[in-house]
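Read through the structure below, which is laid out as structure tokens, and then see the notes.
The values are calculated or read from the model by the stated rules, or taken from the named source; none is laboratory data. Just so we're clear, the structure is a prediction, and the values are computed from it rather than from any experiment. Positions of Cβ are generated from backbone atoms using ideal geometry, with glycine treated the same way; all protein chains shown enter the neighbour counts. Note: accessible area is taken over every heavy atom of the protein model, side chains too, but ligands, DNA and RNA are not part of it. Shrake-Rupley method; radii C 1.70, N 1.55, O 1.52, S 1.80 Å.
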Amino acid sequence: MTNPLTYNNNLDKMPEGFKFKISPSQFPKFVDRPHEWFRSEVLKEKDFTHNTSSVIGTIVHYCAEMVAKEQEVDVEAINEYIDSWEVNETYDPVIVRNQWQEMAERLVNDYVLDREFLAVEEFKCGEVRDGFYIGGVEDVLEGTKEDCMLGDYKTYHSKTKPRAIPAGYKYQLLTLAALWKKHGYNVTRIRLIYINRHIEGEISEKTGKQLKSYPPEVTVLTETITPADFEFIESLLELCVDSVEAAEKHPELVHVIFHDGRLRI
């Protein structure tokens, strides 16, 4: 049986004969680091596999999803998922085990349980042009079909609370908004729901007293989507299609199109 936390690219849910799937979570790379996007999404070069933060994030997302769907959280599956990853300099399963439950409980109690969701972790796809599709899953959709808000859970490890939606996350959510728009939903707002790791206060070298600890806390950031936002992201999606098609037609110019001299043939 497949572990419910295992990544699923949902290619089996794409329409027959589709040419290319644009992932909302990866699309910020096309905007900011087109050479990385080309390598990972077109050439399928995958360097990153996991680290402590990504494993914690997957588990916390899973717990929030299960509770929102009124389903049981499978703790055994979580433990198997933690053990499935190789320990290295960026992955410490002890930290994961010490952190995930408190973070998940805080997110569930302070956000998930207070909400009625229009959709939770629902895959959708929509054609941009010429067999190029956006295909992705939202964390949560709130409101009504006529006026709704896309929400995305993010975990972080810092004493400083986030104060604004970073550009990359905004591109991701706008891509999802453009996708849901293709299905007749009027997405008017985007939201990040942050949950931080527990940071235990250190012992002061001067006083010998323990400094302030920072337990998990939910921080919510919301922005309104304007017509200009939709125009912007839809133009970038069109540019993405144009770029891939141009690279196929003119492989000698791939390094120019995707801004990386190392791609020169």
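Observations, loosely collected:
- Projected label distance in nm at Tyr7 and Leu253, using a 7 Å step from Cα toward the beta-carbon: 3.2 nm
- Linear extension gain, Arg129 paired with Lys182, 0.36 nm per residue minus alpha-carbon span: 17.8 nm
- Dividing the summed -39500 (n - 2.57) terms of all DSSP H runs of n ≥ 4 by the residue count of the chain sets its mean residue ellipticity at 222 nm at -11500 deg cm²/dmol.
- Near Glu45, once Lys and Arg are set to +1 and Asp and Glu to -1 for all other residues with Cβ below 13 Å from its Cβ, the sum equals +1.
- Phe18/Val94 FRET efficiency (R0 41 Å; Cβ-Cβ; nearest 0.05): 0.45
- Using a probe of 1.4 Å, the accessible surface attributed to Trp85 totals some 70 Å² when neighbouring protein chains are kept in position.
- Loop GluC sites (Glu not before Pro), the range 10-118, which have at most 16 other Cβ atoms in a 10 Å radius of their Cβ (DSSP): Glu16, Glu45, Glu70, Glu72, Glu86, Glu89, Glu116
- Ordering of 162-170, 129-137, 4-12 by packing is 129-137, 162-170, 4-12, highest average first (other Cβ atoms within 10 Å, averaged per residue).
- Global form of the range 1-151, assessed from the alpha-carbon gyration tensor, a/c cut-off 1.5: oblate
- A straight chain from Lys44 to Ala164 at 0.36 nm per residue would run longer than the Cα-Cα distance by 40.0 nm.
- Cα gyration tensor shape of the chain, rounded if a/c is under 1.5, else prolate or oblate by comparing a/b with b/c: prolate
- Put a dot 7 Å past the Cα of Gln101, heading toward its Cβ, do the same for Leu239, and the two dots end up 4.8 nm apart.
- Hydrodynamic radius of the range 186-265 per Kirkwood, over alpha carbon pairs, in Å: 17.8 Å
- Taking the protein heavy atoms of the chain in the context of the full set of protein chains, the accessible area attributed to carbon and sulfur is 48 percent at 1.4 Å.
- Relative to the longest principal axis of the Cα atoms of the chain, helix 227-249 runs at roughly 60 degrees.
- In percent, rounded to a whole number, the relative contact order of the chain is 19, using alpha-carbon pairs under 8 Å and six or more apart.
- q = 0.12 Å⁻¹: log10 I(q)/I(0) that the Debye formula gives for the range 103-187, counting C-alpha atoms only: -0.42
- Here the Karplus curve 6.51 cos²θ - 1.76 cosθ + 1.60, taken at θ = phi - 60°, turns the phi angles of the range 143-148 into couplings of x, 10, 4, 7, 7, 9 Hz, with x standing for Gly and Pro.
- Percentage relative contact order, the range 107-265, counting C-alpha pairs under 8 Å, at least six apart: 19 percent
- Close amide H partners of Val128, meaning residues 5 or more places away or on another chain with modelled amide H under 5 Å apart, are Tyr133, Ile134.
- Two-site label geometry, Gln71 and Glu217: point separation in nm, points 7 Å out along Cα→Cβ: 3.3 nm
- Note on the range 58-131: semi-axes of the ellipsoid equivalent to its C-alpha gyration tensor, largest first and rounded to whole Å, are 27, 21, 11.
- Cα-based shape type of the range 125-265, given that a ≥ b ≥ c are square roots of the gyration tensor eigenvalues and the cut on a/c is 1.5: oblate
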